[in-house]
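S.K.: Have a look at the structure that comes next, please.
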Amino acid sequence: GDSVTQTEGQVALSEEDFLTIHCNYSASGYPALFWYVQYPGEGPQFLFRASRDKEKGSSRGFEATYDKGTTSFHLRKASVQESDSAVYYCALGDGNTGKLIFGLGTTLQVQP
Amino acid sequence: DPKIIQKPKYLVAVTGSEKILICEQYLGHNAMYWYRQSAKKPLEFMFSYSYQKLMDNQTASSRFQPQSSKKNHLDLQITALKPDDSATYFCASSQGGTNQNTLYFGAGTRLSVL
């Protein structure tokens, strides 16, 4: 079945560091790809999405580019802030049912 | 104001009892979902409904029963509760239809089964 793999379980950075969280997917066709962010005690919040090859999604300084060749949708941010500390989830859309299939998540901790 | 309301926020239950988790959405969406989050399986899909009809069920146990009394409601009834059911349950909604829409999540109900 379709699946999403996030390589990093935890990432620890200092403010102004460059962030990369790797996301690879396995699915047929062109699934929509998503990034969500979750803060403690809250539900996942939609960050952005991309629906076709080479499309870039972005929000709040975060960005990712849909790459069908490498089946990837890596999350990047040029300069992280302490307020970016959260859990980040990559997801792919099941076009038949509308549900999202999530990766295991990556906990980002940013030190001031 | 939150557009997806989940009640209660916290719930404590005894093993063997039954509980209902409430979800209402005010986004005008046609599709609703339930997800479960625990330390073992973060954000695990359970059910999806579209126009009040079941679209997908990935929950092996019949102890979990979604209930859709109105288009913007999708409650989750859990019977014969077990300690393993302890988790945070998230409701979500999306536009629905044929395209892959973005899901929006509520704040969750944290269930503890003693």
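S.K.: I'd like the full set of residues that are among the aromatic types (Phe, Trp, Tyr) and either assigned to a strand (DSSP E or B) or exposed (fewer than 12 other Cβ atoms within 10 Å of the Cβ) (or both), limited to the range B:1-30.
M.R.: Hit for the range B:1-30 is B:TYR10, nothing else.
S.K.: Tell me whether the range A:75-90 contains one or more residues that are within 14 Å of chain B (Cβ to nearest Cβ) and more than 17 Å from B:PHE105 (Cβ to Cβ).
M.R.: Within the range A:75-90 (the criterion being within 14 Å of chain B (Cβ to nearest Cβ) and more than 17 Å from B:PHE105 (Cβ to Cβ)), the answer is no, since none of the residues qualifies.
S.K.: If a residue has to be in contact with an Asp or Glu (Cβ under 8 Å, 6 or more places away or on another chain) and part of a strand (DSSP E or B) to count, how many in the range B:36-52 make the cut?
M.R.: 5
S.K.: Please enumerate the residues belonging to the range A:87-112 that are within 17 Å of the chain's Cα centre (by Cα) and on the phi > 0 side of the Ramachandran plot.
M.R.: Within the range A:87-112, A:GLY105 is the sole residue that qualifies.
S.K.: Looking at this structure, is B:TYR33 facing chain A (nearest Cβ under 8 Å), in a strand (DSSP E or B) and in contact (Cβ under 8 Å) with a residue 60 or more places away in the chain?
M.R.: yes
S.K.: Please go through the range A:1-34 and pick out each residue that is within 11 Å of chain B (Cβ to nearest Cβ) and under 26 Å from A:GLU82 (Cβ atoms).
M.R.: A:GLN6, A:GLY9, A:PHE34
S.K.: Consider B:GLU18 carefully, then state whether it is touching a Ser or Thr at 6+ places or on another chain (Cβ under 8 Å), within 12 Å of chain A (Cβ to nearest Cβ) and under 14 Å from B:LEU76 (Cβ atoms).
M.R.: So B:GLU18 fails the test.
S.K.: Let me ask another. Do the conditions hold for A:ASP67, that is, is it under 15 Å from the mean Cα position of the chain (by Cα) and of a type in the set (Asp, Glu)?
M.R.: Here the answer is yes, as A:ASP67 does meet what is asked.
S.K.: Now a separate question. Quick one: how many residues across the range B:35-85 are within 13 Å of the chain's Cα centre (by Cα) and of a type in the set (Val, Ile, Thr)?
M.R.: So the count comes out to 2.
Read-outs throughout are calculated quantities, based only on the coordinates presented, and are distinct from any laboratory measurement. In this text the structure is predicted, and so the values were computed from the model without any measurement. So basically every Cβ, Gly included, is an ideal-geometry build from the backbone, and we count neighbours across all protein chains shown.
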